[in-house]
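Asker: Before I ask anything, let me first share the structure, which is written out below as C-alpha cells.
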Amino acid sequence: MASFEVESNDNNEIKNNKKRKNQNVEKGKKKKKLQEVVEIDEGLETEEVIKTIKKKKKHVETTEAEKVEVTINNSIESSKTTEINDKVKSSKVRQLPTVSIAVPGSILDNAQSPEFRTYLAGQIARAACIYKIDEIIVFDDVGEQTNVMVANKKTEGGSKTCKQLAVILQYLECPQYLRRILFPIHNFLKYTGVLNPLDAPHHFRQEDNVPFREGVVSTLPPKKGKGCNVDVGLRKHVLVDKCLQPYVRVTVKLIPNSDDSKRQKGIVVAPSTPKNESGIYWGYTVRNAESINEVFTKCPYPGGYDLKIGTSDKGIDIDQTDHTQLGCFKHALICFGGVHGLEAALEADQSIDEENPSTLFDVYLNTCPNQGSRTIRTEEAVLITLAELRSKMKLG
C-alpha cells in the first residue's frame, strides 16, 4: 500500500508540472500576440503620420505654385511669337540690372537691297548679343505713323521698316529648334539664312544638359493630370505645371528626374529667371514704339528707365563725362538716332514740345569724338557706343 501511494503522488506531481508548463506556454503566446498588436498599431500610427506629412508637403507645394502668376503678352508680328512674363514673388532671387537700346526702323531705308537690309538687322542683333543687351526697342523716327493715322489710311502698326527690323531681330534671338513653329514663311525673313548666327547661351543643342530651356507649348494634351506638354528641343516633350495655350513661347526650368519617373518634368518661370538665378545671359526682347516718346512711356520695367543715355555727334565728349553716374542704375536705356540723328526723331514726334533732344536724357554723349568720316552709320554707332560703355557701365 505504501509503495502505491508514493507512485500515485509522483504521478500527480508530473501532471501538475505539465499543466504549469502549458499555462506558461499559453501566457507566452498571449504576450507575443499583444506585442504584435501593439507593433501593428504603432505601424499604423507611423503610416498615418507619414501620410499627414506628405499631405502637408503637397499643400505647401501647391500654395507656393499659386504664388506664381503667369501673364501672356502678344509679340510684334504674330500671335504665335508670344512670351510668358511670370511675376515671381521671391526675396531670395536677386534682380540684376538691365540694359536696353533703342534704334530707329528707318536705318533699313538706307540699305540698297533686301539682302543688305537683312544683313544690317543681323549686325544690330549680333552687337546686342555680344554686349548682353536685355531689350531692343525699334521706334519710328519718321512720323509716318502719325500722318497715316490722321489720313485714316492705316489704324495700327508702325512703318514697314520698323516691322521688318523687329521681326528679323526676334527671329535671330529665337532658338533654332523653335523657329519653324513660331515663324511662318514671310518676305521679311527671306534672306535670314545667310546671316551669322547669334550662338547665344540659350541656343542649346539636344545633348546639352542644362537647368533651363526655351520651349513652345505643344498641341498634344497631357495623358494624366494637369499641365501641358512643351517642346524644349529634346527627344520628348516636357510636362510643365501650367495649362497654357498652344504655340506660346515659355521659359522652362527642368526638374531633375528621379529613378521612378519616366517623363521629364519642368516648371514655367519668367524669362529673366535664368539670368537672375544663374547669371546666364538669356537673349533680348524686342519692342515696337510708334514714336520716340513711346520709347520712354511704354517701358516694361516698373519705375521706368532710371538712366537714359542719348548718343549724338552734338553730345558731350565721353572722355569728359562723370563715369560714376554711368555705373549706378537698375534699368538703363541707350538711344541711337537715324540718318538725321535724334533731332529728326524729336521733330517728327508731335506729342513732345521739346526741340532739344538732350533734355530727354540724363546723359547726352558723343561716343566717337574727332571722327574721320562725316557720318557714322547707326549700326556702327551701336558697336562703338557699347564698346566705349562696356567698362564704364559694367555691361555683361
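All of the numbers you see were taken from the coordinates with simple rules; none came from a lab. It should be emphasised that the depicted structure is a prediction, and the values quoted were computed from it without experimental measurement. FYI the Cβ positions are ideal-geometry reconstructions off the backbone, even for glycines, and counts take in every protein chain you see.
Asker: Hey, if you put +1 on the Cβ of every Lys and Arg and -1 on every Asp and Glu Cβ in segment 170-247, which of Gly233, Pro246, Tyr171 ends up farthest toward the positive end of that dipole?
Answerer: My answer, from the dipole projection, is Pro246.
Asker: Using the alpha carbon gyration tensor of segment 251-396, what are the three equivalent-ellipsoid semi-axes (square root of 5 times each eigenvalue), largest first, in whole Å?
Answerer: Gyration-tensor ellipsoid for segment 251-396: 37, 19, 14 Å.
Asker: While we're here: Holding the Cα-Cα limit at 22 Å, pick out from Lys314/Lys394; Lys242/Lys330; Lys298/Lys392; Lys224/Lys253; Lys160/Lys190; Lys253/Lys298 the pairs that are longer than that.
Answerer: Pairs exceeding 22 Å: Lys314/Lys394; Lys242/Lys330; Lys298/Lys392; Lys253/Lys298.
Asker: Does segment 257-342 come out rounded, prolate or oblate by the C-alpha gyration tensor, with a ≥ b ≥ c the root eigenvalues, rounded set by a/c under 1.5 and, if not, prolate when a/b is larger than b/c and oblate if not?
Answerer: Prolate, because a/c is 1.5 or more and a/b exceeds b/c.
Asker: Please give the charge dipole size of segment 203-248, origin at the Cα centre, charges +1 on K and R Cβ atoms and -1 on D and E Cβ atoms. Round to the nearest 20 debye.
Answerer: Here segment 203-248 has a charge dipole of around 260 debye.
Asker: Net charge around Leu386, counting only other residues with Cβ within less than 12 Å of its Cβ (Lys, Arg = +1; Asp, Glu = -1)?
Answerer: Within the 12 Å Cβ shell, the charges total +1.
Asker: Quick one: give the max-minus-min coordinate of the C-alpha atoms of segment 212-278 along each principal axis, largest first, in Å.
Answerer: Result for segment 212-278: principal-axis Cα extents of 33, 30, 20 Å.
Asker: Determine the shape class of segment 349-396: with a ≥ b ≥ c the square roots of the Cα gyration tensor eigenvalues, call it rounded for a/c under 1.5, and otherwise prolate if a/b is greater than b/c, oblate otherwise.
Answerer: oblate
Asker: How far is it, in nm, from the label point at Asp306 to the one at Lys394 when both lie 7 Å from their Cα along the line to the Cβ?
Answerer: Rounded to a tenth, the inter-label distance reads 1.3 nm.
Asker: Please list, in order, the residues from segment 294-318 whose amide nitrogen is less than 19 Å from a point placed 7 Å along the Cα→Cβ vector of Asn370.
Answerer: Answer for segment 294-318: 312-318.
Asker: Measuring from label point to label point, each 7 Å out along Cα→Cβ, what is the Lys253 to Lys160 span in nm?
Answerer: 4.6
Asker: In addition: What fraction of the DSSP beta bridges in segment 212-278 is antiparallel, stated in percent and rounded to the nearest 5?
Answerer: Looking only at bridges with both residues in segment 212-278, the antiparallel portion is about 90 percent.
Asker: If I model a spin label as a point 7 Å beyond the Cα along the Cα-Cβ vector, how far apart are those points for Thr297 and Gln206 in nm?
Answerer: 4.9
Asker: With +1 on the Cβ of every Lys and Arg and -1 on the Cβ of every Asp and Glu, and nothing else charged, how large is the dipole of segment 212-278 about its Cα centre, in debye rounded to the nearest 20?
Answerer: 200
Asker: Taking the Cα centre of each part, how many Å lie between segment 160-175 and segment 284-310?
Answerer: The distance from the Cα centre of segment 160-175 to that of segment 284-310 comes to 18 Å.
Asker: What number comes out for the charge environment of Leu234, summing +1 per Lys or Arg and -1 per Asp or Glu over other residues with Cβ under 15 Å away?
Answerer: Around Leu234, the charge tally is +4.
Asker: Ok, one more. For the residues Ile136, Ile130, what sequence is obtained by ranking on other C-beta atoms within 10 Å, fewest first?
Answerer: Result, fewest neighbours first: Ile130, Ile136.
Asker: Counting other beta carbons within 10 Å of each Cβ, put Asp317, Asp134 in order, fewest first.
Answerer: Fewest-to-most ranking of Asp317, Asp134: Asp317, Asp134.
Asker: Using amide H atoms built in the peptide plane, which far-off residues or other-chain residues are under 5 Å from Gly266 H to H?
Answerer: It is Leu239, Val240, Asp241, Ile255, by chain and number.
Asker: To the nearest 0.05, what FRET efficiency results for Glu355 and Gln112 with a Förster distance of 30 Å applied to their C-beta separation?
Answerer: 0.35
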